[in-house]
Amino acid sequence: MKNENNVKSTTGLAIDEMKIVYLMLKNRTIHPKGKFDGKGRFYAENAGLIDVREPSRAWPMSHMNACRTLKYVKKVADSFKCSTVDDLIKVV
């Protein structure tokens, strides 16, 4: 059985390094890149990397919530070829 902590992305970042960024997002130390519209809905800059409904009146933070997951952090690391935690933080 593989040890998940030693699994690396295609960029060389270990899962533990990605979890650092995930926890920063979860704890609101950093925030996902994106914009709010005039009605308070958040639209992620990297919306192509998430599979979630579009923000609406009922669910204005659907993109924000999806961008605070480890799955999203992994996709960003692989898509932007991040080799360090600092690189990953810049593009999350």
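The values are calculated or read from the model by the stated rules, or taken from the named source; none is laboratory data. Quantities reported herein were computed from a predicted structural model and do not represent experimental measurements. Because the Cβ atoms are built from the backbone with ideal geometry, glycine has one as well, and the counts that use them run over all protein chains shown. These area figures cover heavy atoms from the full protein model, side chains too; ligands, DNA and RNA do not enter into them. Shrake-Rupley method; radii C 1.70, N 1.55, O 1.52, S 1.80 Å.
Within the stretch 21-41, residues that are open to solvent by less than 80 Å² (accessible area, probe 1.4 Å) sit with their Cβ atoms under 6 Å from residues that are among the hydroxyl-bearing types (Ser, Thr, Tyr), at 6+ positions apart or across chains, in these pairs: 34/43.
Remark: pairs (first residue in the stretch 47-68, within 21 Å of residue 30 (Cα to Cα); second residue β-branched (Val, Ile, Thr) and in a helix (DSSP H, G or I); Cβ separation under 9 Å; 6+ apart in sequence or on different chains) = 49/76; 67/73; 67/76. Take the residues in the stretch 42-55 that are small (Gly, Ala, Ser) and open to solvent by less than 40 Å² (accessible area, probe 1.4 Å); name whichever of them is farthest from residue 80 (Cα to Cα). So, considering only residues that are small (Gly, Ala, Ser) and open to solvent by less than 40 Å² (accessible area, probe 1.4 Å), the one farthest from residue 80 (Cα to Cα) is 44.
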